[in-house]
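All remarks here apply to the structure that follows.
What follows is calculated from the coordinates using simple rules that are stated; it is not laboratory data. As the structure is a computational prediction, the values presented were derived from the model and not from experiment. Every residue, glycine as well, gets a Cβ built from its backbone with ideal geometry; the counts of neighbours run over all protein chains shown.
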Amino acid sequence: MSLKSTPDRYGTIAIVVHWVTALLVLALIVLGLNAADADTDATKRALLIPHIALGLTVLALTIFRIFWWVFADRRPDELAGIPPLQSRIAATVHVLAYVFIILLASTGIATNIIGGVIPALATGAPIPDLDDIAPRDIHGVLARLFMALLAIHIGAALYHHFIRRDGLLSRMGIGKLPR
């Protein structure tokens, strides 16, 4: 498989970045939801440290991914027989995913700065209460909207795989391309 995309398949770099990001996003969701509900400082600390690290990693991968598409690679050709509206929706969902990741990282960073989380983590002081910090509220709303967007993305991929059987997932490294 080529590092760069071909007309019918994404390249190795695009595939690896996609699936690594997907796994990290799932971990971020689990960590974030559990950190929000943590009832002890030790639990919150144990969840926030990897949440912050993974969030920054996903931001870096997303920025890399945007630069990769703009300067180094091109997407495969569209699948045959996809209605134009469906193509526009798919493109919108992909752009929104990038936007949400950047906004989630930005509000997470702002929450940590304004809320004094990083000094607390560094010194062992208790994690401050973040409930009344505006970026934290925005982060929570964005996270839930992003989960809905991910459900649409995953649902569409499964629709293509199981109902249309058009090889969409094989373009992302799962299975063989249809002949």
Exercise. Cα axis of helix 134-158 to longest principal axis of the chain: angle in degrees, 0 to 90, nearest 10?
Worked result: 20
For this session: Based on the mean of other Cβ atoms within 10 Å per residue, sort peptides 122-134, 14-26 so the most packed one is first.
Result: 14-26, 122-134
Seminar exercise, completed: For the chain, shape from the Cα gyration tensor axes a ≥ b ≥ c, cut at a/c of 1.5 then a/b versus b/c, turns out prolate
For this session: Compare Val117, Val70, Val30 in a GNM of the chain, Cα atoms joined below 10 Å, and give the one with the largest fluctuation.
Result: Val70
Seminar exercise, completed: Relative contact order in percent for the chain (Cα pairs under 8 Å, 6+ apart) equals 22
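Kindly rank 74-84, 36-46 from highest to lowest mean number of other beta carbons found within 10 Å of each residue.
Sorting 74-84, 36-46 by mean packing, highest first, produces 36-46, 74-84.
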For this session: Would you tally the net charge around Thr12, using a Cβ to Cβ cut-off of less than 12 Å, leaving Thr12 out, and scoring K and R as +1, D and E as -1?
Result: +1
Seminar exercise, completed: Rounded to one decimal in nm, the spacing of the 7 Å Cα→Cβ label points at Thr40 and Arg74 is 5.7
Problem set entry | Unit charges at the beta carbon, dipole of the stretch 13-80: most positive-side option, Phe67, Leu56, Ala46 | Phe67
